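For reference, the structure is listed below as structure tokens.
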Amino acid sequence: MNNPLSNGSPRKPPPRQAGVIFADHVHEVTVHADVLALLPDPATVRSCLEIAEDAAGSVDGTMAAAHVGADPEKMIAAPEEIDLQMLREHDEGSPRERLERVTRAFEEWKQERPGRNSLLLDDCRGDLNRCVTTECHETALVVAPCHGNLDARDAFHDLLFNEHKLVLAPPRGPYAGDLLGHVVIGWKPHEHAQRAVVASRRWLAAADRVTVLCVNDKPDGRYQFTARELLTQLGLDGHVIAVSSGSRSVGETILDFATSAKATCLLIGAFKHGYFLELLLGRVTRYLLSHSALPMMMKH
């Protein structure tokens, strides 16, 4: 029988085995975090991390970070999909190079505050759908970009329509901070909007101010009635306001109100009609994602 101790110290595993054990530890921490910053695109690493840090801190929760990326060498897919991924390398670099850029941005962000030293970056490359499921399945809130490279756009789609996660998308521009200073909820009494509010209850309860905005309410006031009823059921404080869009679109009306009310975050039920129909019809979610200067929390 071999002695597991050598010179009074536990025997160290071989370097490769040690790396696997460390990677397993990082992944275990990642999948059980309350808030996950999903980092498929180097360009949005900082904003995702900043927002995820605020979101976790506001509810005294845990935060993790993970890179996901499609890697044609690890994918089982149609030849056309493999070819598409190979073509990306000319403009975006190889999967390894994309990971290295994300890692550099992540480490630069970590070094700005001592309290971030313990945060580690998980990594999953291969089939992107599988990676998104692996990293995000247990997480309550995923901070992820809706714009950017192909990985970012595909991951965002998977989060909403396949994983049905509560997603917090950073704005196109810089993040101004104070995530939960004033949350404005775009409300209609539809199931996808109700799911979004219920899923975000922890963050709404931590917000300094919550306003439920009912655009183009019915004559019987059902939008306002159902909004107040839901707030009461969830034990949340908030103001319910009805406005008319007039000659503006609903999306424009929401953003105009958010600006005038100094909102710091928007919450909506995303893509009532499904992603592809929304693309054809130019509905509210698509408009808000394209034009909002605020972080947007949403759930399909």
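The values are calculated or read from the model by the stated rules, or taken from the named source; none is laboratory data. Everything quoted here is computed from the prediction, not taken from an experiment. Glycine also receives a Cβ, built like all others from the backbone with ideal geometry; neighbour counts cover every protein chain displayed. Areas reflect the complete protein model, heavy atoms only, side chains present, ligands, DNA and RNA absent. Shrake-Rupley method; radii C 1.70, N 1.55, O 1.52, S 1.80 Å.
Just checking, how many residues over region 187-204 are part of a loop (DSSP other than H, G, I, E, B) and modelled with pLDDT under 95?
Step one: filter region 187-204 for residues part of a loop (DSSP other than H, G, I, E, B), giving 188-190, 200.
Now narrow it down to the ones that are modelled with pLDDT under 95: 188-190.
Looking only at that region, the number is 3.
β-branched (Val, Ile, Thr), modelled with pLDDT of 95 or more and not in a helix (DSSP H, G or I): does that describe Val184?
yes
Mind listing just one residue for me: the one in region 137-180 that is open to solvent by less than 10 Å² (accessible area, probe 1.4 Å) and more than 12 Å from the chain's Cα centre (by Cα) and, of those, nearest to Lys262 (Cα to Cα)?
Looking at the filtered set, the residue picked out is Leu179.
Does Val26 satisfy being modelled with pLDDT of 95 or more and touching a Leu at 6+ places or on another chain (Cβ under 6 Å)?
Details: modelled with pLDDT of 95 or more: no; touching a Leu at 6+ places or on another chain (Cβ under 6 Å): yes.
So Val26 fails the test.
When you scan region 59-74, do you find a residue that is under 18 Å from Val143 (Cβ atoms), open to solvent by 50 Å² or more (accessible area, probe 1.4 Å) and at pLDDT 70 or above, even just one?
yes
Please tell me if Leu180 is touching a helix residue (DSSP H, G or I) at 6+ places or on another chain (Cβ under 9 Å) and more than 27 Å from Glu97 (Cβ to Cβ).
Here the answer is yes, as Leu180 does meet what is asked.
How many residues does region 244-265 contain that are more than 22 Å from Arg202 (Cα to Cα) and either assigned to a helix (DSSP H, G or I) or open to solvent by 40 Å² or more (accessible area, probe 1.4 Å) (or both)?
The total comes to 15.
Applying the selection to region 129-181, what residues are assigned to a helix (DSSP H, G or I) and aliphatic (A, V, I, L, M)?
Across region 129-181, the qualifying residues are Val132, Leu150, Ala152, Ala155, Leu159, Leu160.
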